[in-house]
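Reviewing the structure listed below.
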Amino acid sequence: MGLLTGKKLLVTGVLTDGSIAFHVARLAQEEGAQVVLTSFGRQFRLTQVIARRLPVEAPVVQLDVTDADDLAALADRVREAGVDRLDGVVHSIGFAPQSVMGGNFLAGEWADVSTALEVSAYSLKSLAVAAQPLLTEGGSVVGLTFDAKFAWPVYDWMGVAKAAFESTARYLARDLGPSGVRVNLVSAGPIRTTAAKSIPGFETMESRWSDRAPLGWDVTDPEPAARAVAALLSDWFPATTGEIVHVDGGVHAMGQ
Ligand SMILES: NC(=O)c1ccc[n+]([C@@H]2O[C@H](COP(=O)([O-])OP(=O)(O)OC[C@H]3O[C@@H](n4cnc5c(N)ncnc54)[C@H](O)[C@@H]3O)[C@@H](O)[C@H]2O)c1
């Protein structure tokens with residue numbers, strides 16, 4: 001029996017086969033789960049193509065997390081894709097305009113900062129609430145963060161968005177816990193995905209990571225983060241919520 005046998009999961013954020021979410025979906029299927037993906041806009045066709053590279057081709061439903069109509073229609077669209085309830089939801093979404101990253105912290109303007117906060121932080125609440133009608137037997141919501149305790153080089157307002165994201169996860173854990181829904185995050189080290197490569201100067205974040213990590217770190221390998229997401233989706237963390245599991249080779253625990 002697999003770790004996720006019988007689980008029905010909604011996985012956002014599959015853009016390429018390098019996306020962390022792609023590896024979550026792949027591992028989840030390998031461990032026995034049924035998976036539905038989401039995508040939106042011009043990326044939708046690409047996600048459909050990538051979905052064919054999974055062990056089992058997954059249906060893709062439309063969801064822009066900033067679109068009220070998409071959010072309102074989400075539960076029906078998942079049902080139309082043949083899934084009548086959910087046991088887990090993966091938030092693997094992040095975006096900030098380049099103008100608020102790459103060393104532009106002091107120049108960051110609210111219009112762009114607010115986009116970063118809406119897509120990358122508030123969306124965790126939007127997604128969880130939209131999926132709530134399907135989480136009828138409790139479940140697990142898991143998101144991806146980049147350690148928001150520190151001011152990193154070049155991460156700038158995306159770092160502030162991640163701080164808001166981490167706080168949002170704690171409040172969701174408080175409010176969804178009575179329904180049996182757990183909310184946890186995986187704090188991953190740098191991985192060379194599309195989102196990461198869109199951060200101007202991302203190399204400065206990844207270059208020293210493997211030296212500082214007691215376990216070492218491979219920026220080309222999304223599997224460790226994906227495995228932790230799968231574990232948090234499983235029944236093996238039944239009393240854990242509001243938690244952040246670091247999958248960073250140990251960097252978060254080092255003084256230097
Ligand atoms: N790559 C890293 O170094 C790293 C490290 C820690 C955390 N993370 C986090 O992991 C998550 C996944 O990112 P990734 O690195 O796999 O990159 P990615 O580019 O493959 O995935 C980002 C996803 O966000 C989606 N997205 C953007 N705006 C959206 C919107 N309005 N509605 C719905 N979806 C939207 C994109 O379609 C894309 O699929 C993000 O939250 C990211 O911040 C990444």
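The values are calculated or read from the model by the stated rules, or taken from the named source; none is laboratory data. Remember, predicted model here, so these are calculated numbers, not experimental data. All Cβ positions, even for glycine, are placed from backbone atoms using ideal geometry, and neighbour counts span all protein chains on display.
For this structure, a couple of remarks:
- The residues listed here are A121, A169; of these, the one that is touching a Leu at 6+ places or on another chain (Cβ under 8 Å) and closer than 17 Å to I244 by Cβ is A169.
- Residue in region 231-238 that is in contact with a helix residue (DSSP H, G or I) (Cβ under 9 Å, 6 or more places away or on another chain) and modelled with pLDDT of 95 or more present: yes
- Criterion: farther than 25 Å from A148 by Cβ and more than 16 Å from the ligand (Cβ to nearest atom) - qualifying residue of Q48, Q62, Q29: Q29
- With respect to the conditions (1) exposed (fewer than 15 other Cβ atoms within 10 Å of the Cβ); (2) under 21 Å from the mean Cα position of the chain (by Cα); (3) in a helix (DSSP H, G or I), D211 lacks only one, and its number is (2).
- Considering region 183-208, the residues that are part of a loop (DSSP other than H, G, I, E, B) and under 19 Å from the mean Cα position of the chain (by Cα) include one that is nearest to A253 (Cα to Cα), namely G189.
- One residue from E109, E137, E166 being of a type in the set (D, E, K, R), within 13 Å of the ligand (Cβ to nearest atom) and either closer than 27 Å to D218 by Cα or free of Cβ contacts under 8 Å to residues at least 60 places away in the same chain (or both): E166
- Filter result for the condition that a residue is in contact (Cβ under 8 Å) with a residue 12 or more places away in the chain and in contact with a Ser or Thr (Cβ under 6 Å, 6 or more places away or on another chain), over L86, L71: L71
- Restricting G103, G41 to those that are within 14 Å of the ligand (Cβ to nearest atom) and more than 16 Å from the chain's Cα centre (by Cα) reduces the list to G41.
- Summed over region 214-225, residues that are without any contact (Cβ under 8 Å) to a residue 40 or more places away in the chain, near the ligand (Cβ under 8 Å from one of its atoms) and assigned to a helix (DSSP H, G or I) total 0.
- Residue check, S92 polar (S, T, N, Q) and closer than 16 Å to V141 by Cβ: yes
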